[in-house]
1. Quick one: is residue A:88 within 13 Å of chain B (Cβ to nearest Cβ) and at negative phi?
2. From the residues in the range B:777-799 that are surrounded by fewer than 18 Cβ atoms within 10 Å (Cβ to Cβ) and hydroxyl-bearing (Ser, Thr, Tyr), which one is nearest to the other protein chains (Cβ to nearest Cβ)?
3. Could you tell me whether any residue of the range A:95-109 is away from chain B (no Cβ under 12 Å), out of contact with any helix residue (DSSP H, G or I) (no Cβ under 6 Å at 6 or more places or on another chain) and either within 30 Å of residue B:235 (Cα to Cα) or modelled with pLDDT of 90 or more (or both)?
4. Go through the range B:39-53 and give me each residue that's touching a helix residue (DSSP H, G or I) at 6+ places or on another chain (Cβ under 8 Å), buried (at least 19 other Cβ atoms within 10 Å of the Cβ) and under 14 Å from residue B:16 (Cβ atoms).
5. Among the numbered conditions (1) surrounded by fewer than 21 Cβ atoms within 10 Å (Cβ to Cβ); (2) within 28 Å of the chain's Cα centre (by Cα), tell me where residue B:56 comes up short.
6. Does residue B:557 meet the test of being in contact with a Pro (Cβ under 8 Å, 6 or more places away or on another chain) and assigned to a helix (DSSP H, G or I)?
7. Restricting attention to the range B:33-65, which residues are of a type outside the set (Gly, Ala, Ser) and under 11 Å from residue B:175 (Cβ atoms)?
8. Taking into account only those residues within the range A:208-228 that are surrounded by 19 or more Cβ atoms within 10 Å (Cβ to Cβ) and among the charged types (D, E, K, R), which is modelled with the highest pLDDT?
Amino acid sequence: MTEPVWGPVHRDIVDLLADHPADVPAVVDHLTKLQDLLVRLPPLEESCPLADFNKLYLTITSSVLDGLYDDRFVDPVFLSRLDVEFAARYFDAMRMWTDSSPGTPKAWSCLFERMRGPDARPLPSAAAGVNAHINFDLPFALVTTFDHLESEPVDGSDQHHDYLEINNIFADKIPGLRRGYLERWQLLIDMLNGDIDDWYQGELVEYTRDVAWRNAQKIWRCRHDPDARECERTRLDDNAAALGRLLLSPLGAFLQ
Amino acid sequence: MASDVDTAPLVGRAGLVQTVRSALLGDVAHGQTAAVFLTGESGVGKTRLLGEIGDRLRDQGALVLTGSCLDIGDASPLHPLLQALRRFDADLSAAQSRTSSAVRGLLQMFADETAGPDGAGALLERVSRGLHLIAEGRPLVLILDDLQWVDRSTRQLLLYLLAGLGDLQLSVLAAVRAESLQGAHPLRRVLTELRRLRTVRVLDLAPLDRAGTEELAAAVVGRPLPAEAAEQVWQRSGGNPFVIEELARDLRDGRVGLSETLREIFLDRVDALPQHAHAVVHAVAAGVEPVQHWLLAEVLRLPEEELIDAARAAVAHRLLVGADDGYRLRHRLVAEVLAHELLPAERSGLHRRYAEALTAAPGELHQARLAHHWRLAGEPARALPAAVAAAQEAERLHGYAEAHRHWSVALQLAGDSGSLAVDRVELLGNAAEAAHHCGEHARALTLLEELAEVQGGAPTCALHIRRARYLAAAGRSALAEEEYQRALEAADCSPRDRATAAARLAELLLYLGRYADAGQRAREALALAADAEDSATEVVLASSALGFSDAYLEDPDAGLAVMRDALDTAERAGQPEDVACAYLHLAELLTGPLNVLEEGVVVARRGAERVAELGLGRTWGTRLLAIAINGLFRVGQWAEAEKVVAAALRHRPSGADAVELLLARCRLSVGYGDIDAASRDLDAVATLLAGGGARHVIPLLTLRSGLAMWEGRHDVARQAVQRGLTESRSDDVTILSALVWHGLRAEAEAHASRTVAVDPTAVRRLRDVAERVARKSASAAGPVRSVVDGFLALCAAEVSRLDGSDPELWAASVAEWDRRNHPYPAAYSRLRQAEALLARRSRVATAGKLLRAAYEVAQGLGAVPLTSEIRELAGRARVSLEEREQTDTARGAGPGEVADDELATLTAREREVLALVAEGLTNREIGQRLFISERTIGVHVSHIFDKLQVRTRVQASAIHLRNRRG
């Protein structure tokens, strides 16, 4: 009999994932519980690469929650929906991985595979998760949110402003974790925010932070066309997976 | 052969079938709704399960309608429902003529539908009436396959029916491909919201496990598989039943070696097909399923017998399925395999033959299919008129999202064909309007830009107004304002256009809270309208902007006078919509900023009657009644409000109107303490909001927390408020202040009841928000400030409850709500003021008066939970609530207290103390609870011990428990 995907905490994780958090406080609660479970996952336990990502994501989401309470955003309805929808995709990926589903996004499975080792450094691990989450999940989360709110991704709108504000939260939180590796992190963030093509074309400086937003606009335009949408999904998944593997390769360790 | 198709048993799903059956039928209370959504990957067996469950439910006496959604992307609104009705009708026997005529009646209704205002809502109502007739009292089950391709109209219909607005006992069973939900599918959000409800289940259909895989494979093969083969099937299928079945069949039929992939299995089969069967499979793949036999015959031009042989061969090779309504590919995966097997010329040839055959024979989805086939046949000029007709057809059924897509295709086709036969300006105009209607604002604006270019020259006044309207709808107010300015300055602006632009601009400014500017524009608009013909609409619009801006600028009389004049103007001009609109604004003005509730209610009810005479009862009448209901609730005429709710719901409103009414009814139920009714309405609102409508989320959450507090679930109340705080805009001060009060009250209740720990972080956040609200409302208009002040007074007083409730703060709250003439919150505040006074053991007589006043109001309202809290407090404090009762208690024993047990020797007070001892409270705590000193409690306790002849609290508690009645 094969061992369960989540080892000794399998049952706990499956039970946790059975719940679908519907608001930001619930998402934070969910991530907190998940963190407690992930660090108990053998063989790596405390240095589980997914836990490295989850911890960073929890920190960021908690800051978003504080921002919501503190009236930091112009359109909290939009931002809360986006945050919940965004997190749901991470939980979905974990659920699919749990079921060994072939539908697990490659962007995520390259990180999940590493839970069994070999050990990866915490920074690149967290970065690989951020990569999957931003470069693959975020554009779709944006599109779903806009669709639900009967709004649309328009540059310069209130929602766009709030969206960019999240980037500031990422920027705020990440330096705290990086312990002085500023330049390398900056490079990494820039890489993460650009898809590989853009990065190669050296066009990143102007709009790196906005790549997910622009991808969302692209998907938005073809969202009624299942084929085109699927095509876009595959493209994003492939790009994010390629970058994720790079980050988890020995090359990624240079960041640490 | 054909019978081979479904012989494999259903393995590993018995539990699921049972769960779904009871969720959809067994556990559904009469007149209620339920839904199960099955998600799972392709081939996991969703369709099979739908069929299986449908059969069982039919056997149990349910009326089952089944339809599938289509993936041609440009289908027609409500297609799955229409298909389900047609299929159902075809299956009815001659003996069921009554049902059959009901089905045909409903289908005819769709055929007769015409585009018009409120069309979509009225259509929903007629559909539910039609389904009612068909069901004839039986539970109705609607089964929909491939829900990932559902059109927007069907989605809205489902939510409307599931919210119970159709007044039907209805269950929905739908299958969704899990893969589709991974992208940016609109159903994702819908399912996230719905899965929280008690009546909805979202079940994920997992692949089979190892044992299930072997069982299924063995059943197909007819004997258990050898270990090695079993392992291979398991490895290659991953437990996917569709794949298992196909692999096992290859094994059974001795095909050499297992194919590596499903693709190979099907490619081998396609290769092995006889020539005509090959053609059949490709033709069906190019068609829109189900492909009827006659159509296939036309497309393939085969003699009947050869066609039948070919179709049989394709079925035998498990590539095709034949049913009464036509042929389908066996699985979506087959279509994917076939997609690359034809030359482009072959494929367009097939599409051309489809288009030709369909042209001669109008049928289901006629225009949409024609457009689809002609386009793929590479004939844009012939596809164009069909696309235009399909767009008009969609608009006739109020499916603007679908119409917009057809118009967009038409525009593209017009470009490709270079056809001069169509007016591009008209196409662009229609496309833009449809985009605007279905919320695609950016697209609508782009189309308008293009329209301006095609027209050439300076943009016209009408174009500016239109652009401004779209911008305002997209929430881009600053740009909309500029655009109205340009309209006013345009050279070709007629007096009436000018009046329109000014009136709309005034409305926009009012919405932005710029009252002085709004008032000025409104006066301008009124002056312009005076010189223009037929301008009652503009007069009503401008007057309402002026009326509200005056009221907000604290000149209520002037505002009211303007609005009354506007009603007269509208009545004289005689346009029903104008009259309705004038009534609505007048009633809103009175019940809103002016807070003249009684008169507002009278106007709203008179207006509702009047607009019903004018034929607008369903829409405007409902809205007016909603205003009346909320007014009646606030002035404390709950019984009357309840009657009006029932009357309004008889119109079966939909969308935002329905949400308003359900929230109003829920507010009453929460006040009455009718937990079931309130929960049902909350679920119904949540169901409707799953389809969109962020505006109503905060009122929903406020009610959810109010209800949870009556249930003693203060943590649930806290969660609802926290969600609300993270999802509300800080400029909605009124709504936010009510929410914050609920949050602070939940913490105070948690503190008082000790059932849930107080969350200090939550308290701090709530106080922060309350301060922010106070700051923001300081600069708001007087009427807004006045409402907010009432809630802020409550907030301040609730905070004091966490740390020795302050009677002065409660007195301030009483004064606020008395001033505004809202008896319910005033009575609540009196209760708390009395409680605070009693806790300080000061001014007991005042506390008694307050409690009696609160009691009288609460009883008059029928506010059960509030009444019982007042009674409970009065009981503990020994305050009598009625004059007559006072003489009773003066004589000694409380009313109704029979003591013929071991406790007979105790006084009523001692029994009360004993009950609290048994709860484990200390003397100090009991003293606080009963408003007497700790020392007095000590005396009571020692008397109790003496009388019961015990020495410990535990022994005393045991006697109490033994003698407790009930």
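The values are calculated or read from the model by the stated rules, or taken from the named source; none is laboratory data. If you're wondering where the values come from, they're calculated on a predicted model, not measured in any experiment. Here Cβ is always computed from backbone atoms with ideal geometry, including for glycine, and neighbour counts include all displayed protein chains.
1. Judged against the criteria, residue A:88 is a match.
2. Restricting to residues being surrounded by fewer than 18 Cβ atoms within 10 Å (Cβ to Cβ) and hydroxyl-bearing (Ser, Thr, Tyr), the top hit is B:779.
3. For the range A:95-109, residues away from chain B (no Cβ under 12 Å), out of contact with any helix residue (DSSP H, G or I) (no Cβ under 6 Å at 6 or more places or on another chain) and either within 30 Å of residue B:235 (Cα to Cα) or modelled with pLDDT of 90 or more (or both): present.
4. Matches in the range B:39-53: B:39, B:40, B:44, B:45, B:49, B:53.
5. (2)
6. Judged against the criteria, residue B:557 is not a match.
7. To start, the set of residues in the range B:33-65 that are of a type outside the set (Gly, Ala, Ser) comprises B:33, B:36-39, B:41, B:44, B:46-50, B:52-53, B:55-60, B:63-65.
Hits for the range B:33-65 are B:36, B:37, B:38, B:39, B:44, B:46, B:47, B:48, B:49, B:50, B:53.
8. Among them, the one singled out is A:223.
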